[in-house]
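*Asks:* Sharing a structure with you now.
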Amino acid sequence: MIEHNFKKKYGQNFLNDKNVVNKIVSVAETSKEDLIIEIGPGGGALTEELIKKSKVLAYEIDKELEDNLKSKIKSDNFYLIFDNFLNRNIKEDIKNIKYNNLYVIANLPYYITTPIINKIIEDKIDVKKMVLMVQKEVGERFSAKSGSKDYSSISIYLNYFFDINKEFTVSRNSFFPKPNVDSIIISFTKKEKKYNINNEDKFFKLIKDSFVQKRKTLKNNLKKYDFKIIEKILVKNNLPVDVRAENIPIEVFIEISNNI
Ligand code: SAM
């Protein structure tokens, strides 16, 4: 492990398990002409393998890692920006780099997992696939299907854009310093065929409102909505009228959103 003053506030738990690094790289399936965005290269454990496969643009907030990263990774296909990823104009950063497909591969700083994913979606960055290490419980929520206890508005939101797959779990022993949580690798593959939706903002608001109080019925959470129309759609889809949001598949939410 490198000599470094590890900073908890930046979520600095570096991978020290080559096996895990290699598995992440093989899940990604990138090729020479692709560009990988890596958020938080840290000590470069993942970066040094990614650069063997593709071009890499890495964003790192901690300037103290500069000397180590620059001496470890020497390649014309390596672009390194020292800044807070959340403040970057990504489209501007990649506009002069030639590439085929864009990927995001990262062992994320967990304190900003959702803001990072939201930024990529909201900035409309056209990624083919993201392979992300996240905290295990968070990954379970991202990949949950209707009917499971982890199914929530974020599961539906992410599922709207990506096919989400749980790849493999990673023990806390694979990091230095050792974190207090276990981790999981989740892949997000851009949906080939997007859902047919009339108004995205309306849909996103509907799912947020539907889960405001998870233990309540949909009807209770959607008091401000015209529930007559929603009731008809539930019945048509063989769902009870006192159903909870956690038991409603994304397709039904889309049908509701398109009809209210
Ligand atoms: N990729 C390395 C590895 O797997 O060993 C390090 C992963 S560590 C979990 C997260 C990294 O993200 C740290 O290097 C941290 O400094 C960096 N980081 C934290 N917040 C960041 C931000 N807002 N923008 C860019 N990098 C950030």
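The values are calculated or read from the model by the stated rules, or taken from the named source; none is laboratory data. Predicted model, so just to flag it, every value in this text is computed and none were measured. Cβ: placed from backbone, ideal geometry, glycine included. Neighbour counts: every protein chain shown.
*Asks:* Would you pick out the residues in region 118-133 that are among the hydrophobic types (A, V, I, L, M, F, W, C) and more than 14 Å from the ligand (Cβ to nearest atom)?
*Replies:* First, pick out the residues of region 118-133 that are among the hydrophobic types (A, V, I, L, M, F, W, C): 120-121, 125, 127, 130-133.
Selection gives I121, I125, V127, M130.
*Asks:* Out of all the residues in region 30-47, is one or more in a helix (DSSP H, G or I), within 11 Å of the ligand (Cβ to nearest atom) and out of contact with any Ser or Thr (no Cβ under 9 Å at 6 or more places or on another chain)? Even if it seems obvious, please write down each step before you answer.
*Replies:* Quick first cut of region 30-47, residues in a helix (DSSP H, G or I) only: 47.
Now restrict to residues that are within 11 Å of the ligand (Cβ to nearest atom): 47.
Then keep just the ones that are out of contact with any Ser or Thr (no Cβ under 9 Å at 6 or more places or on another chain); that gives 47.
Yes: one or more hits.
*Asks:* I'm checking my understanding of the structure. Among residues of region 76-117 that are hydrophobic (A, V, I, L, M, F, W, C) and more than 10 Å from the ligand (Cβ to nearest atom), which one is farthest from K8 (Cα to Cα)? Talk me through it step by step, then tell me what you get.
*Replies:* Looking only at region 76-117, we keep the residues that are hydrophobic (A, V, I, L, M, F, W, C), and these are 78, 80-82, 85-86, 90, 94, 97, 102, 104-106, 108, 112, 116-117.
With the extra rule that they be more than 10 Å from the ligand (Cβ to nearest atom), the set shrinks to 78, 80, 90, 94, 97, 102, 104, 117.
Numbers: F78: 26, L80: 22, I90: 26, I94: 29, I97: 33, L102: 30, V104: 23, I117: 21 Å.
Applying the filter and picking the extreme gives I97.
*Asks:* If a residue must be over 21 Å from Q213 (Cα atoms) and in contact with a strand residue (DSSP E or B) (Cβ under 7 Å, 6 or more places away or on another chain), how many such residues does region 140-160 contain? Break it down stepwise before answering.
*Replies:* Kept after step one, since they are over 21 Å from Q213 (Cα atoms), are these residues of region 140-160: 160.
Applying the additional criterion that residues be in contact with a strand residue (DSSP E or B) (Cβ under 7 Å, 6 or more places away or on another chain) yields none.
Within region 140-160, residues that are over 21 Å from Q213 (Cα atoms) and in contact with a strand residue (DSSP E or B) (Cβ under 7 Å, 6 or more places away or on another chain) number 0.
*Asks:* Hey, another quick one. Looking at region 203-221 only, could you name the residues that are among the aliphatic types (A, V, I, L, M) and more than 14 Å from I248 (Cα to Cα)? Walk me through it before giving the result.
*Replies:* Filtering region 203-221 down to residues among the aliphatic types (A, V, I, L, M) leaves 206-207, 212, 218.
Within region 203-221, V212 is the sole residue that qualifies.
*Asks:* Same structure, new question: Exactly one of (1) within 22 Å of L102 (Cα to Cα); (2) within 14 Å of the ligand (Cβ to nearest atom); (3) at pLDDT 95 or above is unmet by G11. Its number?
*Replies:* That leaves (1) as the condition not met.
*Asks:* Could I ask something else about it? Which residues, counting only those in region 48-86, are assigned to a strand (DSSP E or B), crowded, with 17+ Cβ neighbours inside 10 Å and either aromatic (F, W, Y) or without any contact (Cβ under 8 Å) to a residue 24 or more places away in the chain (or both)? Break it down into steps so the answer makes sense when it comes.
*Replies:* So the first thing to find is which residues in region 48-86 are assigned to a strand (DSSP E or B), and the list is 55-60, 78-82.
Filter again for crowded, with 17+ Cβ neighbours inside 10 Å, leaving 55-60, 78-80.
Those that are assigned to a strand (DSSP E or B), crowded, with 17+ Cβ neighbours inside 10 Å and either aromatic (F, W, Y) or without any contact (Cβ under 8 Å) to a residue 24 or more places away in the chain (or both): V56, A58, Y59, E60, F78, Y79.
*Asks:* Can you say whether A58 is in contact with a Ser or Thr (Cβ under 8 Å, 6 or more places away or on another chain), modelled with pLDDT of 95 or more and within 9 Å of the ligand (Cβ to nearest atom), as far as the supplied structure shows? Show your work before the answer.
*Replies:* On the way: in contact with a Ser or Thr (Cβ under 8 Å, 6 or more places away or on another chain): yes; modelled with pLDDT of 95 or more: yes; within 9 Å of the ligand (Cβ to nearest atom): yes.
Answer is yes for this residue.
*Asks:* Give K224, K232, K208, K214 a once-over and let me know the one that is over 30 Å from the mean Cα position of the chain (by Cα), of a type in the set (K, R), surrounded by 12 or more Cβ atoms within 10 Å (Cβ to Cβ) and outside the structural domain of R141 (by TED's automatic domain parsing). Show your work before the answer.
*Replies:* Numbers: K224 fails: surrounded by 12 or more Cβ atoms within 10 Å (Cβ to Cβ); K208 fails: over 30 Å from the mean Cα position of the chain (by Cα); K214 fails: over 30 Å from the mean Cα position of the chain (by Cα).
Within the list K224, K232, K208, K214, the selection yields K232.
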